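Trainee: Here you go, one structure.
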Amino acid sequence: MTNKIKRIAISTGGGDAPGLNAVIRAVTLSGEKRGWKVYGIRDGYNGLLSPEEYEDGGIIRLTRDRVRGITHLGGTILGTSNRNHPMHYPLELPDGTIEEVDRTDEIVRTLWLHKIDALVSVGGDGSLVISGALHDKGMRLIHVPKTIDNDLDKTDVTFGFDTAVGFATEGVDRLHSTAASHGRVMVVEVMGRYAGWIALHSGVAASADVILIPEIPYDINKVAQKIKERDDMGRHFTIVVVAEGAKPAGGTTVVHAKEAGKPDERLGGIGEKVAAEIRAITEKETRVVVLGHLLRGGTPTALDRLRALRFGAAAVRGLEEGQDGVMVALEPPNVKYVPISEAIGKMKHVPIDGDTVMTARDLGITFADANTKE
Ligand code: F6P
């Protein structure tokens with residue numbers, strides 16, 4: 001028999017995604033409706049690990065007033081962080097070297113000191129691992145999945161993805177006229193880490209000519225061939241959408257940086273690489289646009305707001321029903337709960353024989369597949 005809940009906390013961790021504020025609002029209002037007190041942790045778990053950095057002590061009371069009018073706002077009113085991962089927390093030793101330490105015990109202890117009965121943790125795959133650890137250490141917890149990348153398995157989709165795809169689509173739409181006017185190749189790099197969902201969906205929606213995704217290793221000569229075919233047809237411009245995690249057959253992903261306290265490498269730079277190779281092979285004027293963090297900003301679409309509100313409300317309902325150590329997941333038409341242990345470490349990739357990839361091919365879009373004849 002689990003204790004009756006009186007106080008819950010929510011944290012938002014990892015890269016921000018449009019819809020986080022909607023989750024915070026839904027958790028706050030649903031919690032208040034049950035007579036619970038709701039608290040928000042600052043900057044992922046930093047508010048608990050370094051409370052001295054905050055005038056408000058790093059954990060704040062969330063009330064109906066505090067979350068009014070935030071559903072449509074991008075970002076997170078609590079702040080977030082994808083640095084200083086609590087399980088790989090960078091600690092500077094007296095000799096100046098950095099050692100990574102696990103501080104999850106401290107997080108659980110501090111939550112208990114604040115008399116928090118249960119935690120709603122909102123985050124992507126990295127945060128999911130932290131949720132698993134906190135739960136294993138005795139914290140009653142429900143995880144809400146978040147990522148613009150759509151790479152989390154066990155949920156059909158998460159909030160943030162629709163907003164990112166919508167913005168990328170508009171960005172590519174806008175490039176058609178300038179590309180056509182100058183007869184140029186435009187290479188558009190989009191986020192997505194090791195999955196090509198954003199590139200695929202925006203590339204198809206915005207009628208790109210070439211889409212390069214991590215799931216289909218590319219051959220740059222096939223990209224050049226497509227550009228030539230279009231030139232021969234009198235189409236002197238080409239739009240290439242490339243996912244940041246795309247790589248040539250036999251090659252590696254382009255890593256922008258690896259930072260201490262951040263287990264993930266930061267991707268970025270494939271757009272420039274692809275463009276340079278296109279220039280060298282085709283001698284065509286080629287420009288690069290990196291959409292980057294623009295995909296994470298701005299107002300969440302109605303679909304993302306709704307998903308986020310549903311996830312937040314479902315987390316609170318789940319806690320009330322006695323769910324623990326689970327992740328809220330979307331299995332259309334409803335949300336359900338899956339054990340965190342089943343969701344951890346499972347990345348959802350674009351199925352290369354799925355109908356969206358087939359649709360792209362039927363429309364004449366090439367993936368420049370290194371391994372097939374096209
Ligand atoms: O996971 C979301 C995401 O936006 C990825 O698409 C991207 O690779 C990464 O985060 C960038 O993170 P940062 O906030 O460190 O720039």
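Trainee: Where the accessible area of the chain is counted over protein heavy atoms with a 1.4 Å probe, how much of it, in %, is carbon and sulfur?
Mentor: C and S atoms contribute 50 percent here.
Trainee: Among ILE211, VAL335, SER177, whose Cα sits farthest toward the positive end of the charge dipole of the chain (+1 at Cβ of Lys/Arg, -1 at Cβ of Asp/Glu, about the Cα centre)?
Mentor: Farthest towards the positive pole: VAL335.
Trainee: Sticking with the crude label model, points 7 Å out along Cα→Cβ, report the distance from LEU294 to ARG279 in nm, one decimal please.
Mentor: For LEU294 paired with ARG279, the spin-label model returns 2.0 nm.
Trainee: From the convex hull of the Cα coordinates of the range 172-282, what is the mean projected area in square nanometres?
Mentor: Taking a quarter of the hull surface, the average projection is 7.1 nm².
Trainee: Tell me, what HN-Hα J-couplings in whole Hz come from the Karplus equation 6.51 cos²θ - 1.76 cosθ + 1.60 at θ = phi - 60° for each residue of the range 284-296, using x for Gly and Pro?
Mentor: Calculated HN-Hα couplings, in order: 8, 5, 9, 10, 10, 10, 9, 6, x, 6, 4, 6, 9 Hz.
Trainee: Kyte-Doolittle cut-off -1.0, length cut-off 15 Å along the helix's own axis using Cα: show which whole DSSP H helices in the chain pass.
Mentor: Span-like helices in the chain: 20-33, 125-136, 161-182, 270-282, 302-321.
Trainee: For the ranges 159-169, 297-307, 210-220, what's the packing order if you count other beta-carbon atoms within 10 Å of each residue, average per peptide, and put the highest first?
Mentor: Going by the mean number of other Cβ atoms within 10 Å, highest first, we get 159-169, 210-220, 297-307.
Trainee: Got a sec to turn the phi values of the range 365-371 into Karplus ³J(HN,Hα) couplings, 6.51 cos²θ - 1.76 cosθ + 1.60 with θ = phi - 60°, whole Hz, x for Gly and Pro?
Mentor: My calculation for the range 365-371 gives 7, 9, 9, 6, 3, 6, 9 Hz in order.
Trainee: What translational D, rounded to a whole number of µm²/s, comes out for the range 32-129 from Stokes-Einstein when the hydrodynamic radius is the Kirkwood one over Cα pairs, at 37 °C and 0.692 mPa s?
Mentor: 218 µm²/s
Trainee: Sticking with this structure for a sec: Amide H neighbours of ASP153 under 5 Å, counting only residues 5+ apart in sequence or on other chains, H built in-plane at 1.01 Å?
Mentor: It is LYS346, LYS348, by chain and number.
Trainee: Placing one identical point scatterer on every Cα of the range 303-369 and ignoring solvent, what is log10 I(q)/I(0) from the Debye formula at q = 0.12, 0.13, 0.17 Å⁻¹?
Mentor: -0.51, -0.57, -0.77
Trainee: With each run of n ≥ 4 DSSP H residues scored as -39500 (n - 2.57), what mean residue ellipticity at 222 nm is computed for the chain after dividing by its residue count and rounding to the nearest 500 deg cm²/dmol?
Mentor: -10500 deg cm²/dmol
Trainee: May I ask you to order 7-13, 86-92, 333-339 by the average number of other C-beta atoms within 10 Å around their residues, highest value first?
Mentor: 7-13, 86-92, 333-339
Trainee: Provide the FRET efficiency to the nearest 0.05 for the GLU106-GLU321 pair, computing r from the beta carbons and using R0 = 41 Å.
Mentor: That gives a FRET efficiency of 0.90.
Trainee: Then there's this: Might you tell me the accessible area per residue for the chain, computed with a 1.4 Å probe and given in Å²?
Mentor: Each residue of the chain exposes 43 Å² on average to a 1.4 Å probe.
Trainee: Let me know the charge dipole size of the chain about its Cα centre in debye, to the nearest 20, where only the beta-carbon of Lys, Arg (+1) and Asp, Glu (-1) is charged.
Mentor: That gives the chain a dipole magnitude of about 1260 debye.
Trainee: Another one. I need to check one value: relative contact order of the range 46-114, counting alpha carbon pairs closer than 8 Å and at least 6 residues apart, in percent.
Mentor: With pairs under 8 Å counted, the relative contact order is 24 percent.
Trainee: To one decimal place, what orientation-averaged projected area in nm² is obtained for the convex hull of the Cα set of the range 14-75?
Mentor: 4.4 nm²
Trainee: When we measure straight from the Cα of LYS247, which lysines land under 20 angstrom away, once same-chain ones fewer than 8 places off are left out?
Mentor: LYS222, LYS226, LYS258, LYS273, LYS348, LYS373
Trainee: Separate question: Under the Karplus relation 6.51 cos²θ - 1.76 cosθ + 1.60, θ = phi - 60°, what is the ordered set of whole-Hz ³J(HN,Hα) values for the range 3-8, x standing for Gly and Pro?
Mentor: These are the phi-based 3J(HN,Hα) values: 4, 5, 7, 10, 9, 10 Hz.
Trainee: Give me the orientation-averaged projected area of the Cα convex hull of the chain, in nm², one decimal.
Mentor: Computed as one quarter of the Cα hull surface, the answer is 20.4 nm².
Trainee: How high is the relative contact order of the chain, in percent, with contacts defined as C-alpha pairs under 8 Å that are six or more residues apart?
Mentor: Reported as a whole number, the value is 22 percent.
Trainee: Place a point 7 Å from the Cα of GLU32 along the Cα-to-Cβ direction; which residues of the range 310-328 have their backbone N under 19 Å from it?
Mentor: Once the point is set 7 Å along Cα→Cβ of GLU32, 310-317, 320 turn out to lie under 19 Å by backbone N, inside the range 310-328.
The values are calculated or read from the model by the stated rules, or taken from the named source; none is laboratory data. Bear in mind that the values here come from a model prediction, so they are computed numbers and not experimental data. Ideal geometry is used to build each Cβ from the backbone, glycine not excepted, and the neighbour counts take in all protein chains shown. For accessibility, only protein heavy atoms count, side chains too; no ligands or nucleic acids. Shrake-Rupley method; radii C 1.70, N 1.55, O 1.52, S 1.80 Å.
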